Structures are given as C-alpha cells and as structure tokens.
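Everything below concerns the one structure shown next.
Since every read-out is calculated from the coordinates, none of them should be taken as a lab result. Please read these numbers as outputs of a predicted model, since none were measured by experiment. Quick reminder, even Gly has a Cβ in these numbers, built from the backbone with ideal geometry, and neighbours come from all protein chains shown.
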2 protein chains.
Amino acid sequence: MTRTPLSPTPRSTIKRGKNRAVADRAALDAVLDAGLICHLSVVIDGAPVVLPTGYGRDGNTLYLHGSTGALSLRSALDTDICVAVTLVDGIVYARSVFHFSANYRSAVVHGRARLVESEEERLHGLEVLTEHLAPGSWQHARLPDAKELAKTQVLALSLDEAAVKIRAGGPGDEPEDIENDNAWAGVLPLRQNWQAPEPSDDLSPGWTVPQHVTDRYASPA
Amino acid sequence: MTRTPLSPTPRSTIKRGKNRAVADRAALDAVLDAGLICHLSVVIDGAPVVLPTGYGRDGNTLYLHGSTGALSLRSALDTDICVAVTLVDGIVYARSVFHFSANYRSAVVHGRARLVESEEERLHGLEVLTEHLAPGSWQHARLPDAKELAKTQVLALSLDEAAVKIRAGGPGDEPEDIENDNAWAGVLPLRQNWQAPEPSDDLSPGWTVPQHVTDRYASPA
C-alpha cells in the first residue's frame, strides 16, 4: 500500500493529543469509508451549526447532498465548511477519572465545497452517496428522474485539508495509580452490528431479501 | 411522564423534514442520554470547526470538558456554539434512490457556553461527564487531584435552545414505484453492542471485572 502523507494546513494540524494523530492518507480514506454518516458544520448568521448528514467518498472528493431548499446546504457554498466522521470503538476505564477516555477513529475535513453543476457529475455524486449508504442499491433501485434531480443539490469537498486521530488500547494511567491498584482498568469495546432486514409493510409478498442487503447484514457494520 | 414542549428559536426551528421534528422536551433528554459522544462546533478565525467530544447532561445543563490548552474549548467561550448528538438506527432501502434514508435520533443544541468556575460545580460537571461515559466509575476510580483539576476546563451549556429530529419506519416511496414493484424496500436496522470487557495489560491478576462494568456489558449500548 502506498502511504501518501496528509498535507495539513495550520487548522488541520493536530495540536492536542499529537500521539493520536495519524499523518497517513490511507488512514483518512479508511475512516471515511468505515463511517456511515458525517457531521457537517457551517456558519449561519455568524454562529456555528452542526447537522448529521450522509456522504460518500470517491478518491480525493467527498460528496454531500441535500434538498435545494436546505439552509444548511445553501450555507455551505462559497465559504468554509467542516466535516467530521467519527467511529467510537470502546470506552477506556482508567484507575483515575482524569484518564478515562474513548477509543475512536476520527477524520475532520476542512475546505470550501464546490456546487456540482454538470449532470454527469451530479449523477456520479449521487451514485457515490447511495453506494456509501446502501451498497448495491444504485443497480437495484429506480434512478432519479429529472424532477428528483432538480430538487437535489450535490456538493463536492476536496480531501486535501484533513486530519485523522485514532485512539486504541488501554488507559494511560499514572504510575502511582497502577502501583496503588485501587481500581479496575481496561476497555469495554463497542461494535455496531446490522440486525435482520425488515421488509417494508407495503412490500408485495413475493420478495425475498436481495443479495446486496443480505451480504451487508452478514458483514461488520 | 410530563411532556414539556421545546421552545425553539428561529435557528432551532426545524425547516426541512418537519414531519420528523419532535417538539417534546422528554425526547431531547432521551436522545442526549442515549448518545455516547457529541459533535461540538465552534467558529475559529471565521471558519467552522467540528470535533467529537464527550458530554454529560444534568437536568437542563449539558456539560462539556477538555484540556485548558484546547483551542476548540477556548473558542467555545463567550460566543455561540452548537452541539449535535446523533444515533443511527438503521438504513432505509427504498424503491427509488431518491427516497433512500437513514433512521436516526438527532438532537442539536445551540447556545453560549458558560465557563464553570466554582470548584463545587466543576467537580459536579466532571462527575456528570464521567458517569455519562462510564456509569459507576465516579465511585470506583480515583477522583481528580488539584493538578488534574487545574488542567481541565468545564463548560456548561443550557438546553433551552434545541431541536430534536427522529426518523423511524420504512421508506416513503412514490405510489407508482410501489405499484411497479421493481425493487426491494425495507430497513436494515443497526445496533451498537458492548463487547466483552478487556482488562488492561498492566492490571494486576487479582482483579475480576467490577459489577458496574459487567452490568453495562449486559445492557444495550
């Protein structure tokens, strides 16, 4: 695997917890590909607003989308935005409350989003978003018609300015606390699991669950 | 259960997906209590920054904390901030890609954080944060000493200005697509599960996993 270093700017340079910073482009891709939703932050009337939303990655581009009427998306154009993808892998129990922590994988992307204008790239962006949310569905479900496309904005954000932090392993306790041995220390891992697919109430009875859904159900979330 | 309505301001009034807005104070508390981490958004040099961090709720107050050296926390004082807590409950597979969605519970809080100054409330805030991250641990682990307290900032954010959105159930497909019956439709639910506790490598061999950890392992995450 080629290890392309991230090229952080001052604001994407991690200042706190430098030992958790990962300066590796492949780690950024891995976190973005493992996440399901992101948190998008924009500034509206001078105040920060953060909202959960879907995303998808293709190479060096993160695609976002939403209704043309959404204030958060309109506020994301021609100005700085920030996108975070976070996976929590466990809770770290330490001997002192000061050293309690979480194990996690975190990616934070800064930049200016570009409104995708060509129909070809708009469809491509929607395919990337759909395949991230529900792999196999672009081939399976009905594709957007002209009316649906007209209602949908697609934004593209470069991954050039990004930071990755990963924490794994047990607590970093003080030597005195380890020696005093007064508390349990360890990790309670956390994992996301898919549950059995639930057909829609209005689905006609002839359907079996298609393979792209059963394959996902059988895989780690 | 007393149902106290949320009292939204213009920026905490949900404009998109109004059918998913929940104007019920108990729903806000439930989402905040079910989440594990939040995404905190602040404005730094005019640009939004969003970072994952811990939190805890006591009544109408959300507590945040961090190192006194953290730029994100320093930037959160005397100015507007925004905090989002999001739980993803499943992926909604529709007959058309336009109607793909996620089932989720989302809380977004807007406001100005107050720096907690009294030692009593600082300790209380840290207890609330610790008990949210790892219930039972404030009684079990060593409490912060003066040096650790001096390194830690505690912020308090009122929950007066908040919005809750909840999506549950199957897809909202178009009648023509339901009739055409060309794609599977349903939900692939997602659940977080605790995994077996992993004692720290440096834990002395006499320890069994304490009950506040085994109880949590036995509960839904």
The protein assembly as shown - share of DSSP beta bridges that are antiparallel (%, nearest 5): 95 percent
At 7 Å out from Cα toward Cβ: B:Asp181 inter-copy label distances (nm, ascending): 7.0
Most positive-pole-ward Cα, A:Ser158, A:Gln139, A:Ile37, against dipole of the protein assembly as shown from beta carbon charges: A:Ser158
Label zone at B:Leu115, where the point sits 7 Å out along the Cα-to-Cβ direction: the range B:134-165 residues whose backbone N lies under 20 Å: B:146-158
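Taking 2.2 N^0.38 Å as the expected size of a compact globular protein, what ratio does the Cα radius of gyration of the range A:39-84 give against it, to two decimals? Don't skip to the answer; put the middle values down first.
Details: Rg = 10.6 Å, N = 46, 2.2 N^0.38 = 9.4 Å.
The range A:39-84 yields a ratio of 1.12.
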Pseudo-label separations to other copies for A:Gly169 - Cα-to-Cβ vector, 7 Å, nm: 4.9
Nearest 10 degrees, 0 to 90: helix A:25-34 Cα axis against chain A principal axis: 70 degrees
Electrostatic dipole magnitude of the protein assembly as shown [Cβ: Lys, Arg +1; Asp, Glu -1; Cα centre; debye, to 20]: 640 debye
Pseudo-label separations to other copies for A:Lys147 - Cα-to-Cβ vector, 7 Å, nm: 6.9
In nm, spacing of pseudo-spin labels at B:Asp24 and A:Asn180 (7 Å Cα→C-beta vector): 4.5 nm
Relative intensity, log₁₀ I(q)/I(0), of the range B:138-178 from a Debye sum that treats every alpha carbon as a point, q = 0.15, 0.25, 0.32 Å⁻¹: -0.71, -0.95, -1.12
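Would you please name the trypsin sites (Lys or Arg not before Pro) within the range A:138-221 that are DSSP coil residues with at most 16 other C-beta atoms within 10 Å of their C-beta?
Values: sites: A:Arg142, A:Lys147, A:Lys151, A:Lys165, A:Arg167, A:Arg191, A:Arg216; in loops: A:Lys151.
Answer in residue order: A:Lys151.
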Estimated dipole of chain B in Debye, rounded to 20 [Cβ of Lys and Arg +1, of Asp and Glu -1, Cα centre]: 420 debye
Fluctuation leader among B:Ser101, B:Ser72, B:Ser12 - chain B, Gaussian network, Cα springs under 10 angstrom: B:Ser101
